[in-house]
Amino acid sequence: MVEGKWFQPGADAAEAFAIREKVFGRGQDALDSEAWNVLVWFQGEPAATGRIWWKEGAFWLGDIAVLPELRGRRLGDLTLRLLLFKAESHAARLMRLVSPKDVTGFFAKLGFKPEGEADPQPMMLRGEDLCLDTCKGCKKDCPNRKD
Ligand SMILES: CC(C)(COP(=O)(O)OP(=O)(O)OC[C@H]1O[C@@H](n2cnc3c(N)ncnc32)[C@H](O)[C@@H]1OP(=O)(O)O)[C@@H](O)C(=O)NCCC(=O)NCCS
């Protein structure tokens, strides 16, 4: 089973910080007093995390991390969607992040576009372009299918 939990700014999200430490080599920091952290469990164990905060007119997403042994199971996609849902629930007009060059394709799947050529790569997504709908109209007998 997959579960998700939010930690408000300043909360002790120790399990989320531990995943961040394991993946990026750095744990809790000053930004955690301003950021919402999300933690995703897979089969009862902490598996993925990420955070979102407001700065200078945009919601920033960062430190999205899935434990190496649990990658490729859509836990990263879920974590990113949870962060974007949080932004959407605050009527976000703009979301930004900075991505390693080899991960930009992961963010592009949910609509993030590169801004400039820097490395790591700045990316942005406008609120009006955010779509968390997972329906691809694939089932012939599905009422959501439009054609
Ligand atoms: C990037 C990361 C979060 C992806 O997590 P994951 O659980 O393995 O990814 P998912 O299984 O949810 O993949 C979702 C989709 O993104 C794609 N994807 C995953 N990693 C990708 C990458 N590096 N580049 C391009 N696409 C990628 C998957 O193929 C999948 O595509 P699909 O929808 O066509 O099936 C994970 O690899 C990670 O923690 N990396 C190290 C930390 C990092 O670099 N974080 C990003 C910077 S904040």
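Give the calculated FRET efficiency between E128 and Q28 to the nearest 0.05, with a Förster radius of 41 Å applied to their Cβ-Cβ distance. Computed FRET efficiency for E128 and Q28: 0.75.
Each Lys and Arg contributes +1 and each Asp and Glu -1, all at the Cβ; summed about the Cα centre of segment 2-129, the dipole is approximately 280 debye.
Once the trypsin sites (Lys or Arg not before Pro) in DSSP loops with at most 14 neighbouring Cβ atoms within 10 Å are cut out of the chain, the longest remaining piece is 27-70.
Report the Stokes-Einstein translational diffusion coefficient (µm² s⁻¹, integer) for segment 1-85, Rh taken as the Kirkwood radius over Cα pairs, at 10 °C with viscosity 1.306 mPa s.
Answer, rounded: 126 µm²/s.
When a 1.4 Å probe is rolled over the protein heavy atoms, the share of accessible surface on the chain that falls to carbon and sulfur comes to 51 percent. With a Förster radius of 41 Å applied to the beta-carbon distance between M1 and E117, the computed FRET efficiency rounds to 0.45. The Stokes-Einstein estimate for segment 40-81, based on a Kirkwood radius over Cα pairs and taken at 4 °C with 1.567 mPa s viscosity, is a diffusion coefficient of 117 µm²/s. Annotation: the chain has a Kirkwood hydrodynamic radius of 16.1 angstrom, from the mean reciprocal C-alpha pair distance.
Quick check for you: with a 1.4 Å probe and neighbouring chains kept, what is the accessible area per residue of the chain, in Å²?
61
The loop-placed GluC sites (Glu not before Pro) in segment 1-108, going by DSSP, that have at most 14 neighbouring Cβ atoms within 10 Å of their Cβ come out as E34, E56.
The values are calculated or read from the model by the stated rules, or taken from the named source; none is laboratory data. Keep in mind that what you see is a predicted model, and the values were worked out from it rather than measured. Every residue, glycine among them, receives a Cβ derived from its backbone with ideal geometry; neighbour counts consider all protein chains shown. Protein only, heavy atoms only, side chains kept; ligands, DNA and RNA dropped before computing areas. Shrake-Rupley method; radii C 1.70, N 1.55, O 1.52, S 1.80 Å.
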